[in-house]
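Taking it in order: structure first as structure tokens, then the write-up.
The values are calculated or read from the model by the stated rules, or taken from the named source; none is laboratory data. All figures in this text were calculated on a predicted structure; none of them were measured in a lab. All Cβ positions, glycine included, derive from the backbone under ideal geometry; neighbour counts span all protein chains shown.
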Amino acid sequence: MELHTAQRERAAFDLAERLFFKLEKHGDRYSLRRKVGEFAPRTDLSLDEVEQLLERWKLQGPGG
């Protein structure tokens, strides 16, 4: 189970980097902020929430 979570986490960090986000881990929670442009920082996110947010951003962009 931990390997699967580690793989998901690594994929989230990679996607965040490609989309110009800074993803930080705080225990079992995460914070996400945009390196460029306008995006209100998000904190206290679960891995599921991070994945959903990044996938939505990837598909819909900043206007979505």
Considering each residue of segment 23-41, count those that are out of contact with any helix residue (DSSP H, G or I) (no Cβ under 7 Å at 6 or more places or on another chain) and not in a loop (DSSP other than H, G, I, E, B), and give that number. 7
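Does residue 18 fit the bill of being surrounded by 11 or more Cβ atoms within 10 Å (Cβ to Cβ), of a type in the set (Lys, Arg) and either out of contact with any His (no Cβ under 7 Å at 6 or more places or on another chain) or modelled with pLDDT under 95 (or both)?
no
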(1) on the phi < 0 side of the Ramachandran plot; (2) modelled with pLDDT of 95 or more all hold for residue 28 apart from (2)
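Those residues that are within 14 Å of residue 8 (Cβ to Cβ) and in contact with a Phe, Trp or Tyr (Cβ under 7 Å, 6 or more places away or on another chain), I need them from segment 21-46; list them, please. Can you show your working first?
Residues of segment 21-46 within 14 Å of residue 8 (Cβ to Cβ): 23, 25, 28, 30, 45-46.
Answer for segment 21-46, where residues must be within 14 Å of residue 8 (Cβ to Cβ) and in contact with a Phe, Trp or Tyr (Cβ under 7 Å, 6 or more places away or on another chain): 23, 45.
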Over segment 21-39, the set of residues over 19 Å from residue 60 (Cβ atoms) and surrounded by 15 or more Cβ atoms within 10 Å (Cβ to Cβ) is 30, 31
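Within the group 42, 56, 10, which residue is basic (Lys, Arg) and exposed (fewer than 11 other Cβ atoms within 10 Å of the Cβ)?
On the way: 42 fails: exposed (fewer than 11 other Cβ atoms within 10 Å of the Cβ); 56 fails: exposed (fewer than 11 other Cβ atoms within 10 Å of the Cβ).
Answer to the selection: 10.
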